[in-house]
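Student: This is the structure I want to talk about, given as structure tokens.
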Amino acid sequence: MTRLLLILLMSVSAFLASVAKESKPFVVVIDAGHGGKDIGCKGKLTNEKTIVLDVAKRLGGKISKKYGDKVKVVYTRSTDKFVELADRAKIANDAHGNLFISIHVNSVDKKSRGRTTVKGASVYTCGLHKSDANLRVAMRENSVMELEKNSRSRYKDFDPNSSESYIIFELTQNAHLNQSLDFASRAQRNLVKKAGRADKDVRQAGFWVLWSVSMPSVLVELDFICNPTSEKFLHSAAGKEKCATALFEAFDDYYKDQKKTQGK
């Protein structure tokens, strides 16, 4: 009788654990880059921090509207405030995120040829930068550290402006790389087909925040704000809506496939 009772209790515990696991929401962390004193890339009409916050909130709203309690949306910032890189990673990790989407806008140096004609979207995963262009983008995004107090000690002497610091991304392999590349491909495809952005490919580079989160993660560069035509698109409500819709549809497909894989 005691043995039978023990088996029954074990079965009930396993069932309850299974129910709890199934009822646990999928957590997507949406990171609007920059904010507050850090405006990011600047155009003639607007700036990066303003564009990406709008797109991030539109994306989160679309996910919540369709999935309700099944998907929990966590923002690293929902207002115009400065959030340090380490805190963005902490928010994501503390939320036990299943996917991290960092949204940004691209630009090139004022002295660069073709500054006003360069265009297109890119979606990055964390990895070894295979070109100088990828390294420059990572350096620019990582340089937000310089606006933080005690950045050298907090980031263990990581210097965003020194190529030598980036060896860390050569020595470590992101455990979630395949899933990150999966979502990145979907997002890139939709930004081209649905938002009409030129295709600048899925890429890899050493973004500190992507390396620091313990979940599949991507960094999206919507387009180049230094291109007047692209900036006009990103500044418009219609342009932001198209970008948000493209990312939402990428999430929608990715989420459904993840559930199929998990047998739910």
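The values are calculated or read from the model by the stated rules, or taken from the named source; none is laboratory data. Remember, it's a predicted structure, so these values are computed and weren't measured experimentally. Here the Cβ is made from the backbone with ideal geometry for all residues, glycine too, and neighbour counts use every protein chain on show.
Student: Give the residues of the range 177-189 that are touching a Cys at 6+ places or on another chain (Cβ under 8 Å) and surrounded by fewer than 18 Cβ atoms within 10 Å (Cβ to Cβ), sorted by residue number.
Tutor: 177
Student: Taking the condition in contact (Cβ under 8 Å) with a residue 12 or more places away in the chain, under 23 Å from residue 46 (Cα atoms) and in a helix (DSSP H, G or I), does residue 143 pass?
Tutor: Working: in contact (Cβ under 8 Å) with a residue 12 or more places away in the chain: yes; under 23 Å from residue 46 (Cα atoms): yes; in a helix (DSSP H, G or I): yes.
Against the criterion (in contact (Cβ under 8 Å) with a residue 12 or more places away in the chain, under 23 Å from residue 46 (Cα atoms) and in a helix (DSSP H, G or I)), residue 143 qualifies.
Student: Hey, another quick one. Can you work out which of the residues in the range 190-225 that are of a type in the set (S, T, N, Q) and in a strand (DSSP E or B) is surrounded by the fewest Cβ atoms within 10 Å (Cβ to Cβ)? First the steps, then the outcome.
Tutor: Residues of the range 190-225 that are of a type in the set (S, T, N, Q), as a first pass: 190, 204, 212, 214, 217.
Filter again for in a strand (DSSP E or B), leaving 204, 217.
Working: 204: 22, 217: 30.
Ranking the qualifying residues of the range 190-225, first place goes to 204.
Residue-by-condition table, conditions (1) without any contact (Cβ under 8 Å) to a residue 60 or more places away in the chain; (2) in contact with a Phe, Trp or Tyr (Cβ under 8 Å, 6 or more places away or on another chain); (3) farther than 24 Å from residue 249 by Cα:
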position: 63; (1), (2), (3): no, yes, no
position: 74; (1), (2), (3): yes, no, no
position: 78; (1), (2), (3): yes, no, no
position: 97; (1), (2), (3): no, no, no
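Student: Suppose we keep only residues that are part of a loop (DSSP other than H, G, I, E, B) and without any contact (Cβ under 8 Å) to a residue 60 or more places away in the chain within the range 24-38. Which one would you say is farthest from residue 79 (Cα to Cα)?
Tutor: To start, the set of residues in the range 24-38 that are part of a loop (DSSP other than H, G, I, E, B) comprises 24-25, 33-34, 36-37.
Retained after the next criterion (residues that are without any contact (Cβ under 8 Å) to a residue 60 or more places away in the chain): 24-25, 36.
Details: 24: 27, 25: 24, 36: 9 Å.
Looking at the filtered set, the residue picked out is 24.
Student: Tell me, yes or no, whether the range 158-172 has at least one residue that is more than 16 Å from residue 38 (Cβ to Cβ) and in contact with a Cys (Cβ under 8 Å, 6 or more places away or on another chain).
Tutor: yes
Student: What number of residues within the range 109-140 are acidic (Asp, Glu) and either part of a loop (DSSP other than H, G, I, E, B) or touching a strand residue (DSSP E or B) at 6+ places or on another chain (Cβ under 8 Å) (or both)? Before you say what the answer is, go through the steps one by one.
Tutor: First pass over the range 109-140, keeping only residues acidic (Asp, Glu): 109, 132.
Checking which are either part of a loop (DSSP other than H, G, I, E, B) or touching a strand residue (DSSP E or B) at 6+ places or on another chain (Cβ under 8 Å) (or both) leaves us with 109.
The total comes to 1.
Student: Does residue 157 count as surrounded by fewer than 17 Cβ atoms within 10 Å (Cβ to Cβ), over 19 Å from residue 106 (Cβ atoms) and not small (Gly, Ala, Ser)?
Tutor: For residue 157, the condition - surrounded by fewer than 17 Cβ atoms within 10 Å (Cβ to Cβ), over 19 Å from residue 106 (Cβ atoms) and not small (Gly, Ala, Ser) - is met.
Student: Within the range 189-204, how many residues are in contact with a Gly (Cβ under 7 Å, 6 or more places away or on another chain) and among the hydrophobic types (A, V, I, L, M, F, W, C)? Break it down stepwise before answering.
Tutor: First pass over the range 189-204, keeping only residues in contact with a Gly (Cβ under 7 Å, 6 or more places away or on another chain): 197-200, 204.
Now drop any that are not among the hydrophobic types (A, V, I, L, M, F, W, C), which leaves 198.
Residues that pass the stated criteria total 1.
Student: So, one more: List the number of the failed condition for residue 118; all other conditions in (1) buried (at least 19 other Cβ atoms within 10 Å of the Cβ); (2) in contact with a Cys (Cβ under 8 Å, 6 or more places away or on another chain) hold.
Tutor: So residue 118 meets the others, but not (1).
Student: Could I ask something else about it? Taking the range 54-76, which residues are surrounded by fewer than 23 Cβ atoms within 10 Å (Cβ to Cβ) and over 22 Å from residue 256 (Cα atoms)?
Tutor: Within the range 54-76, 54 is the sole residue that qualifies.
Student: Moving on. Could you run through the range 159-192 and say how many residues are modelled with pLDDT of 85 or more and not β-branched (Val, Ile, Thr)?
Tutor: As a first pass, look at the range 159-192 and keep what is modelled with pLDDT of 85 or more: 159-162, 176-192.
Next cut, not β-branched (Val, Ile, Thr) only: 159-162, 176-191.
Going through the range 159-192 one residue at a time, the tally reaches 20.
Student: Ok, one more. Any idea which of (1) in contact (Cβ under 8 Å) with a residue 12 or more places away in the chain; (2) of a type in the set (Gly, Ala, Ser); (3) closer than 24 Å to residue 53 by Cβ is the one residue 151 doesn't satisfy?
Tutor: (1)
Student: Going residue by residue through the range 94-108, is there one that turns out to be among the small types (Gly, Ala, Ser) and surrounded by fewer than 22 Cβ atoms within 10 Å (Cβ to Cβ)? Give the derivation first.
Tutor: Restricting attention to the range 94-108, the residues satisfying the condition of being among the small types (Gly, Ala, Ser) are 95, 97, 102, 107.
Restricting the remaining residues to those that are surrounded by fewer than 22 Cβ atoms within 10 Å (Cβ to Cβ) gives 95.
There is at least one residue in the range 94-108 that is among the small types (Gly, Ala, Ser) and surrounded by fewer than 22 Cβ atoms within 10 Å (Cβ to Cβ).
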